[in-house]
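> Below are the structure tokens for one structure; questions will follow.
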Amino acid sequence: MSSPSQTHDAEPIPPGARDAIDELLRTGDLFRYRDSRDAPVALLEREFADLIGSRHALALSSCSAALFLSLRALDLPPGARVLIPGFTFSAVPSAVVNAGCVPVLCETGEDYRIDLADFEARLDGVQAVIVSHMRGHTSDMDAIMALCDARALPVVEDAAHSLGTRWGQRNIGTIGRIGCFSFQSYKMVNAGEGGMLVTDDADLLARAVIMSGAYERNWEQHRSPRDDNSQDLERAFLRWQNRLPLSNVRMSNLSAAVIRPQLAEVPHRVRMGLANHDRLAARLRTNRHFSIPAALGPERRAPDSIQFNLVGLDDATASGFVAAARSRGIEVGIFGAGTDNARVFWNWKFLSELPELPRTRAMLMRACDLRLPVWRSTAEIDAIAGALLAAMDEATRESGTVQG
Ligand SMILES: *Cc1c(COP(=O)(O)O)cnc(C)c1O
């Protein structure tokens, strides 16, 4: 085993991408709207919508762009308050701010999911909700949709890390009004950069398509012959024609060519990711200082990383564990340690008001993050488990100050 935890290992690109890329290089047709016949981006949109079970899909330059366009597509008034979880990637509060809205943060529990009591308590005065399934941990979508539907609040799902995750009979990303996915390198499908917005709502799609940069009549290429609602869609496009500012966050055909052959691999990657995650979790659970939150009942996860909480350790012992793991070649990070982690709400100093979330803070000071690329072998997973357990033994033996 070369190195047990290269946190930045990405998924390799299937060889099938090469022919499509060669063809694009030969023709030079890199712009999605250059050739109206079956551009790779348009094909990807159709394939992704079919895979996920949504009516429409719009390919974009990133999930951040998808989140921003979601809020713009919802036509929220300037200064609208948007509820987001206190534990998410900084892309989420950033999208809210960039859309001219105001993020309202709610608590997340030790299981990394939205704290429903706090969520409900903060819903008054909010005009939209972004549920971020952080690191692929699904919040209780039944409860969230019931609370939001009762108030007619639109829900956007940040499913950046949830491609392949199921909630009951549905795919995560298709439960709210809009779902947003990422193809950045450290997600389940790797295009370097890329995003996807999915929705069943023709009006939202039309607004998002135009604002993504479908200037003039380029939106005509979004009317798929297989779309049973193409009339709805055409009416929506005509309604918004020339009425919306553009942000030009389109996907290039090159990215689509890299992504398309990976979609067929998603079920396999999900199986491997889950097996690796559960194997490592079972080993870590043999030591009482590790706590790995279980999946929720309706949730079938698609993990490409593992998160666990350090239990009964004081600060010095917790950093001792991180150092002992590093000396064994495993880069584990405690989210809240250090000054720059983009997933830590108190580092979002671009917010005009930095709230305090005591539960989320306590979780972030003990929650560890370890990337677990899905193609790791069982031998590598066992080596990682052995190294983490040995690191915990070393840290707790050396410190006389273990709590509990
Ligand atoms: C990666 C990620 C994003 C942002 O995705 P990009 O495609 O890099 O913009 C947003 N939310 C979460 C939870 C993520 O993990």
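The values are calculated or read from the model by the stated rules, or taken from the named source; none is laboratory data. Note that this is a predicted model, so its numbers are computed, not measured. We place every Cβ from the backbone using ideal geometry, glycine too, and count neighbours over all the protein chains shown.
> Collect the residues in the range 285-317 that are surrounded by fewer than 19 Cβ atoms within 10 Å (Cβ to Cβ) and over 25 Å from the mean Cα position of the chain (by Cα), keeping them in residue-number order.
Within the range 285-317, Arg285, Thr286, Asn287, Arg288, Val311, Gly312, Asp314, Asp315, Ala316 qualify.
> Starting from the range 61-74, take each residue that is modelled with pLDDT of 95 or more and charged (D, E, K, R) and list its partners that are more than 8 Å from the ligand (Cβ to nearest atom) and not in a loop (DSSP other than H, G, I, E, B), counting only C-beta distances under 6 angstrom and pairs at least six apart or across chains.
Close Cβ pairs satisfying both conditions: Arg72/Met211.
> So, one more: Can you name the helices (runs of 4 or more DSSP H) wholly within the range 179-264 that have at least 2 residues being within 14 Å of the ligand (Cβ to nearest atom) and in contact (Cβ under 8 Å) with a residue 60 or more places away in the chain?
Here the list reads 253-263.
> Take the conditions loosely packed, with under 13 Cβ neighbours inside 10 Å and at pLDDT below 95 and apply them to Arg226. Does it pass?
So Arg226 passes the test.
> How about the range 9-54: which of its residues are β-branched (Val, Ile, Thr) and more than 26 Å from the chain's Cα centre (by Cα)?
Across the range 9-54, the qualifying residues are Ile21, Thr27.
> Given the criteria among the acidic types (Asp, Glu), surrounded by fewer than 24 Cβ atoms within 10 Å (Cβ to Cβ), at negative phi and touching a residue at least 40 places away in the same chain (Cβ under 8 Å), does Glu120 qualify?
Taking the combined requirement at face value, the residue does not satisfy it.
> Further question: Kindly indicate the residue of the range 153-178 that is touching a residue at least 24 places away in the same chain (Cβ under 8 Å) and of a type in the set (S, T, N, Q) and also surrounded by the most Cβ atoms within 10 Å (Cβ to Cβ) among those meeting that condition.
Checked the range 153-178; the qualifying residue surrounded by the most Cβ atoms within 10 Å (Cβ to Cβ) is Ser162.
> Let me ask something additional. Considering every residue within the range 265-276, establish whether at least one is in a loop (DSSP other than H, G, I, E, B) and surrounded by 14 or more Cβ atoms within 10 Å (Cβ to Cβ).
Yes, there is a match, as at least one residue in the range 265-276 is in a loop (DSSP other than H, G, I, E, B) and surrounded by 14 or more Cβ atoms within 10 Å (Cβ to Cβ).
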